[in-house]
Amino acid sequence: SVYPDQWRNYYPIAYEKIVDTFAQEAEIDKYWLLSIMRAESYYNRDARSWVGATGLMQLMPYTAKRISEELNESQLSRSDLADPLKNIGYGAYYFKRLLSYYSNSAVLAIAAYNAGPIAVDRWLRARSDRDIDEFIEEIPYLETRQYVKKVLKNFAQYQLIYQNHPSALDQV
């Protein structure tokens, strides 16, 4: 590995079995889930944002409720969102849905994970002629612009540390 093993302490494979299971099920790279989890909660299952996002993947209760209905699962309680199995599973499902919606553009899916697809669709309409790097720099929400960069950086770090893959962002 290019990086010393200590880097694995900063970028752990948190909740490995759960992440592996849901990444395979959703057919997405597990490093996307870990990168989102690191940016959202820093692997804290009890994390709660000021707007009410909950758990490792920081799911909004409304989004989680919609996912549980789509998956025909029983009534979802707020405490269910603290369960890593439920939270990571729903986060993977939602991220995969966003990837599909945005034709596998990780950048757009990450932006929508943070700001919602309505905002991202509005930005796309206003900036349809931009390259993806210009699009990122022109995201009107500072929090989302920083979030996209943080998740992309996390993903690149995970790939470098665990796969010795220097061109990690080629698939963005």
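The values are calculated or read from the model by the stated rules, or taken from the named source; none is laboratory data. Keep in mind it's a predicted model, so treat the numbers as computed, not measured. Here Cβ is always computed from backbone atoms with ideal geometry, including for glycine, and neighbour counts include all displayed protein chains. Side chains are part of the model used for accessible areas, which takes the heavy atoms of the whole protein and leaves out ligands, DNA and RNA. Shrake-Rupley method; radii C 1.70, N 1.55, O 1.52, S 1.80 Å.
Considering only residues of the stretch 77-109 that are open to solvent by 20 Å² or more (accessible area, probe 1.4 Å) and in contact with a Pro (Cβ under 8 Å, 6 or more places away or on another chain), which is nearest to MET37 (Cα to Cα)? Among those that are open to solvent by 20 Å² or more (accessible area, probe 1.4 Å) and in contact with a Pro (Cβ under 8 Å, 6 or more places away or on another chain), it is ARG78.
One line per residue, one yes/no per condition, for (1) in contact (Cβ under 8 Å) with a residue 24 or more places away in the chain; (2) in contact with a helix residue (DSSP H, G or I) (Cβ under 9 Å, 6 or more places away or on another chain); (3) outside any helix (DSSP H, G or I); (4) aromatic (Phe, Trp, Tyr):
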site: ALA14; (1), (2), (3), (4): yes, yes, yes, no
site: GLN24; (1), (2), (3), (4): no, yes, no, no
site: THR63; (1), (2), (3), (4): yes, yes, no, no
site: ILE88; (1), (2), (3), (4): yes, yes, no, no
site: TYR93; (1), (2), (3), (4): yes, yes, no, yes
site: ILE110; (1), (2), (3), (4): yes, yes, no, no
site: ASN114; (1), (2), (3), (4): yes, yes, no, no
site: ALA119; (1), (2), (3), (4): yes, yes, no, no
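Which residue is most open to solvent (accessible area, probe 1.4 Å), if the candidates are limited to the stretch 28-60 and must be closer than 16 Å to PHE155 by Cα and assigned to a loop (DSSP other than H, G, I, E, B)? So the residue we want is TYR42. Looking at this structure, is ARG130 part of a helix (DSSP H, G or I) and open to solvent by 40 Å² or more (accessible area, probe 1.4 Å)? No: the conditions fail for ARG130.
For the stretch 139-157, the set of residues classified as at pLDDT below 95 and either open to solvent by 90 Å² or more (accessible area, probe 1.4 Å) or under 23 Å from SER100 (Cα atoms) (or both) consists of ALA156 only.
Here's the yes/no breakdown for (1) among the basic types (Lys, Arg); (2) more than 23 Å from GLN163 (Cα to Cα):
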residue: ALA14; (1), (2): no, no
residue: PHE22; (1), (2): no, no
residue: ILE28; (1), (2): no, no
residue: ILE36; (1), (2): no, no
residue: ARG45; (1), (2): yes, yes
residue: GLY52; (1), (2): no, yes
residue: MET60; (1), (2): no, yes
residue: ASN72; (1), (2): no, yes
